[in-house]
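Participant: Have a look at this one before I ask anything.
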Amino acid sequence: MLMDEWGGELMTNIILCGGNGTRLWPISRTLMPKQFVKLFDGKSLFQLTVERNKEMCTQRFIVSNAEQYFLAVDQLEELNHSQNKFLLEPVGRNTAPAIALACLALDTDEIVLVSPSDHLIKDKKAYTLILEKAKVLAQRDNLVTFGITPEFPETGFGYIESEGEEVKAFHEKPDALTAQSYVDAGNYYWNSGIFCFKAGVFLKELQKYSPEIYATSKEAYENTKTSKAENDSSMIRISHDDMQKIPEDSIDYAVMEKSSKVKVVASDIGWSDLGSFDALAKEFDKDENGNSINKNLIAINSKDNFVYATDRLIALADIDDLIVVDTRDALLITKKGNSQKIKTIVKELKSRESDLHHIHLTAHRPWGTYTILEDTPGYKIKRIVVKPGKRLSLQKHFHRNEHWIVVSGTATVTVGETVKTVRPNESTYIKMGEVHRLENEGKIPVILIEAQVGEYTGEDDIVRIEDDFQRV
């Protein structure tokens with residue numbers, strides 16, 4: 001058990017990084033979900049979550065999938081935070097199994113703060129006070145949930161009905177009239193998805209009310225091994241077969257709605273789950289006409305528009321109440337109040353087998369990034385950045401040849417049995433089917449241009465023979 005300098009328990013922050021954030025497409029994609037997008041003062045929601053909890057929680061336990069793990073590591077490095085715990089899920093099974101697996105790795109008396117990684121909390125002082133209150137309740141073997149004081153009759157959230165700290169009932173997302181009655185009653189709160197409890201108390205309640213989730217989670221955890229991760233961190237990796245055996249369910253359905261140990265802490269903390277562009281728009285500064293302030297925006301006789309653009313100039317004339325989101329490869333235009341329909345757009349992209357819901361032009365990898373500069377039938381051109389000390393997998397392709405031109409740094413290139421050094425303005429050629437690898441043994445990033453030529457240049461044309469990051 002962790003103790004503070006006065007002998008009281010310190011908390012472990014279990015940060016849930018699951019979820020694709022598709023309601024904020026095209027900013028958020030499967031491989032760069034909203035929690036890792038740097039939306040506020042150059043920081044991501046994940047980074048803001050880490051920072052606001054670091055004083056009350058001296059240990060971080062991050063639950064994510066493999067792709068998100070590397071994003072989390074990079075962003076923790078930017079904050080100079082090391083010695084983290086990671087639990088990697090091969091497939092998502094919702095919040096109950098994720099929390100159970102993390103709690104199984106902790107002492108039973110450990111107090112945990114479970115926090116989603118994609119929420120915004122603006123009132124840090126009020127937040128610290130409610131954490132203290134929740135911690136006291138958790139020390140008394142309660143399962144604590146945080147109820148957000150509703151600002152308006154929201155139909156997109158579940159509600160918690162309370163009598164003081166006692167939870168009377170959990171309610172599903174209501175219609176507009178029911179939501180208004182909840183707000184008028186004064187004892188209903190939005191369900192925030194933030195929790196605080198002892199690891200052992202939660203596991204006992206899970207075993208009591210959802211025994212199959214408990215048993216299969218316990219079996220999955222017992223089959224794991226803890227390995228060393230980057231920056232003096234540790235990693236627990238769950239096997240795919242073990243994870244698939246665990247029933248999929250949320251913590252609310254599996255435990256909170258059934259347990260008699262649940263308490264609620266009323267929370268007026270400037271909270272938002274940023275679940276839509278309408279919600280995101282409220283968090284950006286506005287000009288005198290209600291338009292979001294953006295250096296790339298010119299608005300003539302236009303008001304109450306939300307424009308998110310980081311590259312191109314956006315000009316509006318005689319336009320009101322629009323949401324305009326511009327990225328390098330996709331443009332979204334919709335009316336305010338209709339942004340929930342973005343789910344339908346993402347569904348349509350999937351049906352078209354488009355990658356636009358999945359990945360940006362710049363993709364983040366554990367070794368660095370690549371940016372697609374041009375993608376035309378028969379060839380593709382990329383800008384690749386490899387971080388110092390990192391290397392790509394030893395690999396081959398069946399449908400394309402590759403030509404690498406180094407722009408900056410010094411690359412170590414393996415092609416077949418040959419290993420050679422490639423310097424700026426030098427190049428190398430990899431024939432279709434040849435085993436190859438790119439490595440940066442230097443102190444600065446290696447930047448190169450890759451030209452792919454072949455009948456198929458999709459990202460799935462890759463056979464990994466050896467990989468430092470255990471990808472398949």
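Participant: For Lys122, put the label point 7 Å out on the Cα→Cβ axis and report which residues of the range 164-195 keep their amide N under 15 Å from it.
Facilitator: none
Participant: So if I take the centroid of the Cα atoms in the range 365-393 and the same for the range 135-169, what is the distance between those two points in Å?
Facilitator: For the range 365-393 versus the range 135-169, the Cα centre distance is 46 Å.
Participant: Follow-up. Compute the orientation-averaged projected area for the range 11-272 from the convex hull of its Cα atoms and round it to one decimal in nm². Spell out each step's value before the answer.
Facilitator: Numbers: hull surface 52.6 nm².
Averaging across all directions leaves 13.2 nm² for the Cα convex hull.
Participant: Go ahead and collect, in residue order, the members of the range 361-390 whose backbone nitrogen is under 16 Å from a label point 7 Å along the Cα-Cβ direction of Asp468.
Facilitator: Taking a point 7 Å out along Cα→Cβ of Asp468, the residues of the range 361-390 whose backbone N falls under 16 Å are 365-370, 385-390.
Participant: Treating each Cα of the range 362-466 as an identical point scatterer and ignoring solvent, apply the Debye formula and state log10 I(q)/I(0) at q = 0.11, 0.14 Å⁻¹.
Facilitator: -0.29, -0.48
Participant: At q = 0.10, 0.11 Å⁻¹, work out log10 I(q)/I(0) for the chain with the Debye formula, treating every Cα as an identical point scatterer and leaving solvent out; two decimals please.
Facilitator: -0.85, -1.01
Participant: Using a simple spin-label model with points 7 Å from Cα along the Cα→Cβ vector, what separation in nm is obtained for Thr155 and Lys208?
Facilitator: Distance between label points: 3.7 nm.
Participant: A further question follows. Which value in deg cm²/dmol, rounded to the nearest 500, describes the helix-derived mean residue ellipticity at 222 nm for the chain, given -39,500 (n - 2.57) per DSSP H run of n ≥ 4 and division by the residue count?
Facilitator: Details: 10 runs with 102 residues, N = 472.
Estimated from H runs of four or more residues: -6500 deg cm²/dmol.
Participant: For the range 231-368, what's the relative contact order in percent, using C-alpha pairs closer than 8 Å and at least 6 residues apart?
Facilitator: Values: 132 pairs, mean separation 16.7, N = 138.
For the range 231-368, the relative contact order is 12 percent.
Participant: Now a separate question. Quick one: if you stick a label point 7 Å off each Cα along the C-beta vector at Leu79 and Asp460, how many nm between them?
Facilitator: 3.5
Participant: Sequence-distant or interchain residues sharing an amide H contact under 5 Å with Leu373, placed H: which?
Facilitator: Residues meeting the amide H criterion: Ile381, Lys382, Arg383.
Participant: Still on this structure, please answer the following. Find the centroid of the Cα atoms in the range 79-132 and in the range 37-77, then give the distance between the two in whole Å.
Facilitator: 11
Participant: Between rounded, prolate and oblate, where does the range 277-341 land on the alpha carbon gyration tensor, with a ≥ b ≥ c its root eigenvalues, rounded for a/c under 1.5, else prolate if a/b exceeds b/c?
Facilitator: Details: a/c = 1.37, a/b = 1.05, b/c = 1.30.
It comes out rounded by the Cα gyration axes.
Participant: On a full-extension model of 0.36 nm per residue, what is the gain between Glu283 and His358, subtracting their alpha-carbon distance, rounded to one decimal in nm?
Facilitator: On the way: separation 75, 0.36 × 75 = 27.00 nm, distance 2.55 nm.
Once the chain is fully extended between Glu283 and His358, it gains 24.4 nm.
Participant: Can you give me the orientation-averaged projected area of the convex hull built on the Cα atoms of the range 66-220, in nm²? Could the numbers behind the result be given before it?
Facilitator: Details: hull surface 43.7 nm².
Averaged projected hull area, Cα only: 10.9 nm².
Participant: Residue by residue, what Karplus-based ³J(HN,Hα) values in Hz, rounded to whole numbers, does the range 22-35 have, using 6.51, -1.76 and 1.60 with θ = phi - 60° and x for Gly and Pro?
Facilitator: Working through the residues one at a time gives 5, 5, 10, 5, x, 5, 9, 10, 3, 8, 8, x, 4, 5 Hz.
Participant: If amide hydrogens are placed 1.01 Å from N in the peptide plane, which non-local residues have theirs closer than 5 Å to the one on Asn187?
Facilitator: none
Participant: Pop the C-beta distance of Gln244 and Asp141 into the FRET formula with R0 = 25 Å and round what comes out to the nearest 0.05. Show your work: numbers first, answer last.
Facilitator: On the way: r = 33 Å, r/R0 = 1.30.
Calculated value: 0.15.
Participant: So, by mean Cβ neighbours within 10 angstrom, what's the order for 416-423, 180-187 with the highest one leading? Mind showing how you got there, number by number?
Facilitator: Numbers: 416-423: 11.2, 180-187: 13.0.
Final packing ranking: 180-187, 416-423.
Participant: Something else: Describe numerically, in nm with one decimal, the distance between label points set 7 Å from Cα along Cα→Cβ at Ala185 and at Glu434.
Facilitator: 7.1
Participant: Considering only DSSP beta bridges whose two residues both sit in the chain, what percent are antiparallel, to the nearest 5?
Facilitator: Details: 77 of 112 bridges.
Counting only bridges with both partners in the chain, antiparallel ones make up about 70 percent.
Participant: By average Cβ neighbour count within 10 Å, what is the ranking of 123-136, 44-57 from highest down? Working shown, then result.
Facilitator: On the way: 123-136: 16.4, 44-57: 20.1.
Order by mean packing, descending: 44-57, 123-136.
Participant: Express the relative contact order of the chain as a whole percentage, based on alpha carbon pairs under 8 Å and six or more residues apart in sequence.
Facilitator: Working: 1024 pairs, mean separation 66.0, N = 472.
Relative CO of the chain lands at 14 percent.
Participant: Peptides 20-28, 220-228: what's the order by average Cβ count within 10 Å, highest mean first? Let's see the in-between values first.
Facilitator: Numbers: 20-28: 22.1, 220-228: 13.2.
The packing order, highest mean first, is 20-28, 220-228.
Bear in mind that the values in this text are calculations on the coordinates, not laboratory data. Given the structure is predicted, the values throughout are model-derived calculations rather than measurements. When we count neighbours, we look across all protein chains shown, and the Cβ atoms used for this are built from the backbone with ideal geometry, even at glycine.
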